[in-house]
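These notes are about the structure you will find just below.
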Amino acid sequence: MKENSQYISHVKVTRLWGRLDFDWKNINEDVNIIVGINGSGKTTLLNLISDYYQPSKSKKLPAEAVKCTDISIPVTYIRSFDIPANSKKRTESMLLQELKHVINQNGEGTSFFDYRMKMLNFPDKAVEIQQRIDKFFALVNSMFSETGKKIIINPKNNTLAFSIEGSDDILQIDQLSSGEKQLLLILTTVFLQEEKPNVLLMDEPEISLHISWQDSLISLIRSLNENCQLILTTHSPNIFANGWEDKIVFIQDLLVK
């Protein structure tokens, strides 16, 4: 595929499962909401797009060929999950592990911990960094206000945690509900993009989220980074209820007849 763009503008999949061809042209640079019945290939399409932009691609794909726009910006994939990863870690779901990865020091320079460390490494940007963190905390607090939770830096171990209104207790992130973890994972991931061009893939992000959070999810993401190209799948009308209906893509319309 010869197209070159800052964002993904064209995806072509040949013989998915040996029988389906998809040709998705004119992909929106801001928001794309893929809808369709179960088993129509929505999640598989996201998986193929994500794999295409990985340094080491999967050797065996469910499609004969995949071609996407040549881009040079990061592509991040947030899947919907909250199940034990393996028998050795039954108390830690994949969701919790991913959340810890974006919050705690992970050696890749992409976590919230690493971002805060920039205030020490780049003192000339310390004020700007703190202002971004304050804005992020205010946004998270606005979403968690109904349950009286406030995001804080735990003074005991210098990690993200939550205080509870009217209590001296401090909640660790593993004590949050599945929906709270899911929302925090999404918002932290976008915050760490630092308003730079990025592609964010999300598979059914509404899972575990309260309806009011579903209603505002896209707007929240856009408020944190308007330069983020969003490509997501959903079964929930609440995701696109607030003015995003024109961004809906019916997966059956992408099929080459």
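The values are calculated or read from the model by the stated rules, or taken from the named source; none is laboratory data. From a predicted model like this one, the values you see are computed outputs, not experimental measurements. Using ideal geometry, Cβ is built from the backbone for each residue, glycine included, and neighbour counts are taken over all protein chains shown. In case anyone asks, the SASA skips ligands and DNA or RNA and just uses the protein heavy atoms, side chains included. Shrake-Rupley method; radii C 1.70, N 1.55, O 1.52, S 1.80 Å.
Looking only at the range 45-67, decide whether some residue is part of a strand (DSSP E or B) and either among the hydrophobic types (A, V, I, L, M, F, W, C) or in contact with a Cys (Cβ under 8 Å, 6 or more places away or on another chain) (or both). Yes, the conditions are met somewhere in the range 45-67.
If you check PHE122 against the conditions, is it more than 14 Å from the chain's Cα centre (by Cα) and buried (at least 18 other Cβ atoms within 10 Å of the Cβ)? So PHE122 does not fit the description; no. What about LEU176, is it in contact with a helix residue (DSSP H, G or I) (Cβ under 9 Å, 6 or more places away or on another chain), farther than 30 Å from ASP21 by Cβ, surrounded by 13 or more Cβ atoms within 10 Å (Cβ to Cβ) and without any contact (Cβ under 8 Å) to a residue 40 or more places away in the chain? Spelling it out, LEU176 is indeed in contact with a helix residue (DSSP H, G or I) (Cβ under 9 Å, 6 or more places away or on another chain), farther than 30 Å from ASP21 by Cβ, surrounded by 13 or more Cβ atoms within 10 Å (Cβ to Cβ) and without any contact (Cβ under 8 Å) to a residue 40 or more places away in the chain.
Apart from one condition, LEU99 fits all of (1) part of a helix (DSSP H, G or I); (2) of a type outside the set (Ser, Thr, Tyr); (3) without any contact (Cβ under 8 Å) to a residue 24 or more places away in the chain; the exception is (3). The set of residues from the range 133-170 being free of Cβ contacts under 8 Å to residues at least 24 places away in the same chain, open to solvent by less than 80 Å² (accessible area, probe 1.4 Å), assigned to a helix (DSSP H, G or I) and within 17 Å of TYR115 (Cα to Cα) comprises ILE133, PHE137.
Every listed requirement among (1) under 15 Å from the mean Cα position of the chain (by Cα); (2) farther than 27 Å from SER80 by Cβ is met by LEU184 save one, (2). Surrounded by 19 or more Cβ atoms within 10 Å (Cβ to Cβ) and either farther than 20 Å from ASN238 by Cβ or at pLDDT below 95 (or both): is that true of ILE49 in this structure? The answer is yes for ILE49.
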